[in-house]
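Visitor: The structure that follows is given in the form of structure tokens.
The values are calculated or read from the model by the stated rules, or taken from the named source; none is laboratory data. Just so we're clear, the structure is a prediction, and the values are computed from it rather than from any experiment. Cβ sites come from the backbone with ideal geometry, for glycine too, and all protein chains shown count toward neighbours.
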Amino acid sequence: MTGQAARVLLVDDEDNVRLTLGAVLAHHGYTVATAASADEALALIGAEPFDVLVADLQLGDGRSGVELVKAVLERDLDVVTIILTAYVSTQAAVDALRGGATNFLAKPCNIQELSDAIARGLERRELLQQLRLAQRDAAGRAEAERLRNEAEQARERAERDAARVAFLASAGEQLVASLDYRDILEKLARLAVAGLADWCVVDVVERDMLEHVAVAHVDPAKEELAREVQRQARHAEARSGLIDRVLETGEPAFVADIPPSDVEDGQYDAETTRLLAELAPRSMICVPLIAGGRPLGVISLLMSDSGRRFQQEDVDVALDLGRRAGLAIEHARLYNARRLEIDRLRQIIDQLPEAILVVDRDGLLVASNGVAQELVGPLQPGQVPNDGGRRYWLSDMEGERLSHGTAPISRARLLGEVVQGCQVLMHRTGAEPLPILVNATPLRDETNQVVGAVGVFQDISGISRARLIPQPIPS
């Protein structure tokens with residue numbers, strides 16, 4: 001946009017979003033006005049013109065950013081309108097674009113993506129304004145047609161950008177919803193053929209060998225053909241060489257056009273060649289699947305039945321999809337490793353005669369043994385063991401209640417203190433105060449940060465104080 005700085009109206013009910021994005025947009029040279037609600041924004045729209053509207057999809061007063069899009073377009077059809085949302089879905093993106101939005105971005109917003117979206121929108125706005133000027137002059141019809149085509153291309157780019165953002169956000173949510181490694185890879189293949197390719201194969205390295213673990217095809221009738229091709233072509237030099245290159249370099253491989261002659265050049269046996277000819281691959285992208293900072297495998301995407309060819313922008317989407325799948329796999333691996341550690345911990349503490357409680361850094365229960373459950377009642381992982389004092393509370397031996405930060409496990413968890421031989425009274429609903437001996441120690445990670453605590457409780461109601469001996473536990 002030429003001349004004075006473009007005027008941007010930023011509408012979001014979150015103060016930090018308005019402050020942060022407002023400052024960034026002002027730094028980029030825009031004149032920024034902000035509003036915290038739909039009513040405040042509508043008042044501004046009625047009072048002064050804006051070149052750009054950036055609005056949250058769902059505002060705190062129950063109103064929608066799409067309503068603001070319609071209001072601002074009533075004043076000026078060429079205003080750049082961008083919808084932001086933390087709850088991305090393909091349907092939401094489509095509804096926003098149909099409502100007149102120029103673009104649709106996910107929150108938390110990538111500043112560069114927002115800046116690029118505004119710049120593209122302003123470019124389209126200027127083209128549309130030039131188009132109208134050209135249309136006024138009969139001699140400018142050709143120029144008007146050219147500008148119309150450029151504006152349409154800009155609109156299509158914006159729609160593709162919004163669709164990609166929605167696809168990747170939705171894919172990320174679906175992938176992290178699973179904690180099963182194989183299920184994640186199957187979902188990955190299904191998601192790829194639903195939004196990016198006609199045919200997807202996921203290969204992973206298992207026991208130093210490349211294994212095909214997931215295959216999907218947009219045509220269910222051809223999916224078994226695709227699986228058979230993978231079995232037949234598993235050791236084909238050309239294909240494994242391509243995948244090996246992606247695994248070794250971590251860089252994508254992009255074949256924009258696969259001529260039929262490549263399928264028939266004799267690198268496969270007769271049966272595999274026949275199957276490939278029936279599947280008719282036309283374009284291919286291979287991207288690395290990275291988990292935990294190391295290459296786990298390769299995602300191969302192919303175009304066939306649709307007749308379309310991949311573009312360079314599809315490579316970027318495929319790379320992003322591979323990164324999201326890798327994060328989901330790493331999340332599942334860490335979760336399952338933690339589950340295994342907790343299961344082993346439970347097996348150990350269940351053999352001990354004392355009541356044992358293990359909590360995380362937030363004081364939520366990780367594990368307990370049967371003796372602890374007999375002492376304080378049924379316990380579930382993820383809950384506060386004393387249920388905010390409703391299950392039990394502790395006092396000193398004179399009956400004065402211990403504050404949250406002075407209870408033995410809290411001292412270990414919050415202060416990193418090793419507590420040995422602390423005698424307290426446990427007060428439980430409907431029962432007499434019970435004298436107990438508590439030892440507590442912090443749990444630390446590899447960086448020596450406290451990540452939780454272990455408490456050992458012993459009923460000392462039948463033991464005289466003179467016989468009590470502190471029972472420390474190792475830190």
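Visitor: Name the residue, out of Leu133, Leu147, that is modelled with pLDDT of 75 or more, touching a helix residue (DSSP H, G or I) at 6+ places or on another chain (Cβ under 9 Å) and either closer than 28 Å to Leu321 by Cβ or part of a helix (DSSP H, G or I) (or both).
Guide: Unique residue meeting the criteria: Leu147.
Yes/no matrix, rows are residues, columns are (1) within 20 Å of Glu341 (Cα to Cα); (2) out of contact with any helix residue (DSSP H, G or I) (no Cβ under 7 Å at 6 or more places or on another chain):
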position: Leu357; (1), (2): yes, no
position: Arg361; (1), (2): yes, no
position: Gly370; (1), (2): yes, yes
position: Gln383; (1), (2): yes, yes
position: Met397; (1), (2): no, yes
position: Gln420; (1), (2): no, yes
position: Arg444; (1), (2): yes, yes
position: Thr447; (1), (2): yes, yes
position: Val454; (1), (2): yes, yes
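Visitor: Met1 fails exactly one of the following numbered conditions: (1) farther than 21 Å from Leu77 by Cβ; (2) at pLDDT below 90. What is the number of that condition?
Guide: (1)
Visitor: Restrict the check to segment 230-241 and report whether at least one residue is modelled with pLDDT of 80 or more and not in a helix (DSSP H, G or I). Outline the logic, then answer.
Guide: Residues of segment 230-241 modelled with pLDDT of 80 or more: none.
No, every residue in segment 230-241 fails to be modelled with pLDDT of 80 or more and not in a helix (DSSP H, G or I).
Visitor: Does Leu84 qualify as being within 28 Å of the chain's Cα centre (by Cα), under 24 Å from Ala43 (Cβ atoms) and either at pLDDT below 80 or not small (Gly, Ala, Ser) (or both)?
Guide: Yes; evaluated as a whole, the condition is true for this residue.
Visitor: Now, a different point. Have a look at Val176, Val205, Val215, Val165 and point out the one that is touching an Asp or Glu at 6+ places or on another chain (Cβ under 9 Å) and closer than 30 Å to Ile82 by Cβ.
Guide: After applying the criteria, what remains is Val165.
Visitor: Specify the residue that is nearest to Pro252 (Cα to Cα); the eligible residues are those in segment 293-330 that are surrounded by fewer than 18 Cβ atoms within 10 Å (Cβ to Cβ) and acidic (Asp, Glu).
Guide: Filtering segment 293-330 for residues that are surrounded by fewer than 18 Cβ atoms within 10 Å (Cβ to Cβ) and acidic (Asp, Glu), the one nearest to Pro252 (Cα to Cα) comes out as Asp316.
Visitor: Further, regarding this structure: Under 6 Å by Cβ, and 6 or more places apart or on different chains, what pairs join a residue from segment 420-434 that is closer than 10 Å to Met397 by Cα with one that is part of a loop (DSSP other than H, G, I, E, B) and of a type in the set (A, V, I, L, M, F, W, C)?
Guide: Partner pairs satisfying both residue conditions: Gln423/Met397.
Visitor: To continue, here is another question. Being closer than 18 Å to Ala194 by Cβ and charged (D, E, K, R) is the filter here; which residues of segment 297-312 pass it?
Guide: Listed by number, the residues that qualify are Asp305, Arg308.
Visitor: Next question. When you go through (1) acidic (Asp, Glu); (2) more than 26 Å from Leu133 (Cα to Cα); (3) touching a Lys or Arg at 6+ places or on another chain (Cβ under 8 Å) one by one for Glu67, which number turns out not to apply?
Guide: All conditions pass for Glu67, except number (3).
Visitor: Right, Val8: of a type in the set (Val, Ile, Thr), more than 26 Å from Glu173 (Cβ to Cβ) and either buried (at least 22 other Cβ atoms within 10 Å of the Cβ) or modelled with pLDDT under 90 (or both) or not?
Guide: yes
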